[in-house]
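Heads up, the thing below is written out as structure tokens.
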Amino acid sequence: MIAPAGRVDRIAAALLADGLILRGGFNFAPGEAPTTGASARSVLLVGQAGAAPWPHFLRWREKQLGTIANPLDTWSREVIGAVAETFGARVVSPSDKPYLPFQQWAMRAEGLRPSPLGILMHPRYGLWHAYRGALLFEDEIAFPEQGEAVHLCDACVGKPCLKSCPVDAYSSQGFAYQSCLAHVRGADGEPCRSGGCLDRNACPYGTDYRYPREVQAFHMAAFAGL
């Protein structure tokens with residue numbers, strides 16, 4: 001059964017109230033859907049462009065009592081979960097275990113490819129976007145045909161994203177997680193702690209959507225366990 005026309009637009013409007021946006025979706029092939037929980041036939045990815053959800057998240061956080069281990073994940077699941085309940089969907093998150101293939105879903109839904117930093121490169125948002133969850137439905141959705149998006153990294157000759165990190169954490173060999181972590185936590189890591197990843201900030205694309213310093217500092221603190 002195909003989902004009623006207009007439902008996706010109503011879902012998008014409900015998410016936008018908290019600064020979140022739909023990031024595309026697709027119908028699962030037989031045997032492809034997640035096997036945990038109820039059955040699923042289609043998926044809608046939910047995420048953000050730039051820091052639009054940040055003010056909504058801060059207002060929610062101010063009302064919470066006590067310490068929350070992963071507040072942004074908790075807020076995201078709460079907001080997306082409310083939308084899921086309204087529209088008869090099941091919500092899943094990137095942090096759920098066993099981990100679901102969110103990056104593969106995103107590449108399929110939006111036709112994106114990874115940047116040298118591993119973050120998917122978006123033709124409009126650059127590296128300043130994220131996926132916060134997904135809505136799983138038991139019926140099919142009529143999606144428009146999705147082609148491959150323009151991959152801006154192909155036209156970037158200088159690759160400044162690979163030349164700005166003080167410890168060369170990103171290279172053709174992948175991400176040197178431990179080197180990055182030690183630097184961020186160390187005496188020389190203040191620029192990264194307060195302003196975010198220097199390699200990511202060096203990317204020339206999507207700068208209108210770059211996260212403010214406080215948002216980048218929040219994510220860096222979460223990464224480094226500070």
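Using the crude model of +1 on Lys and Arg Cβ and -1 on Asp and Glu Cβ, and no other charge, please compute the dipole size for segment 81-226 relative to its Cα centre, in debye to 20. Intermediate results must be reported in sequence, preceding the final value.
On the way: 13 positive and 15 negative charges, 103 e Å.
For this selection, approximately 500 debye.
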* Using label points projected 7 Å from each Cα along Cα→Cβ, tell me how many nm separate Phe87 and Ala176, to one decimal. => 4.4
* To do: Grab every C-alpha pair in the chain, bin the distances at 10 angstrom width from 0 up to the longest one, and report whole percents.
  => 7, 30, 35, 22, 6, 0
* Structure fact -> Magnitude of the Cβ-charge dipole (Lys and Arg +1, Asp and Glu -1) of segment 129-205 about the Cα centre, nearest 20 debye, reported as 600
* Structure fact -> Under the 7 Å Cα-to-Cβ spin-label approximation, Asp188 and Lys97 lie apart by a distance in nanometres of 3.4
* Structure fact -> Note, Leu120: beta-carbon cut-off 13 Å, +1 each Lys/Arg, -1 each Asp/Glu, net +3
* Asked: Can you list the aspartates and glutamates whose alpha carbon sits under 20 Å from that of Lys159, skipping same-chain ones fewer than 8 residues off?
  -> Asp168, Asp199, Asp208
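Assuming 0.36 nm per residue, please report the length gained on full extension of the stretch Cys156 to Leu226 beyond their Cα-Cα distance. Before the final figure, lay out the partial values.
Numbers: separation 70, 0.36 × 70 = 25.20 nm, distance 3.36 nm.
Residue separation times 0.36 nm, minus the Cα-Cα distance, leaves 21.8 nm.
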* lysines with Cα under 29 Å of Lys63, excluding same-chain neighbours fewer than 8 positions away -> Lys97
* **Met121 long-range amide H proximity, modeled H, under 5 Å** => Arg113, Ser115
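How far, in nm, would the chain grow between Gln104 and Gln64 when pulled straight, counting 0.36 nm per residue and subtracting the alpha carbon separation? List each step's numbers first, then the result.
Numbers: separation 40, 0.36 × 40 = 14.40 nm, distance 3.35 nm.
Between Gln104 and Gln64, full extension yields 11.0 nm more.
Please give the contour-minus-distance gain from Asp168 to His219: 0.36 nm per residue of separation, less the Cα-Cα distance, rounded to one decimal in nm. Intermediate values should be presented prior to the final figure.
On the way: separation 51, 0.36 × 51 = 18.36 nm, distance 1.97 nm.
Length difference between fully extended and current span is 16.4 nm.
We did not get these values from a lab; they are worked out from the coordinates using the rules stated. These numbers were taken from a predicted model, which means no experiment stands behind them. All Cβ positions, glycine included, derive from the backbone under ideal geometry; neighbour counts span all protein chains shown.
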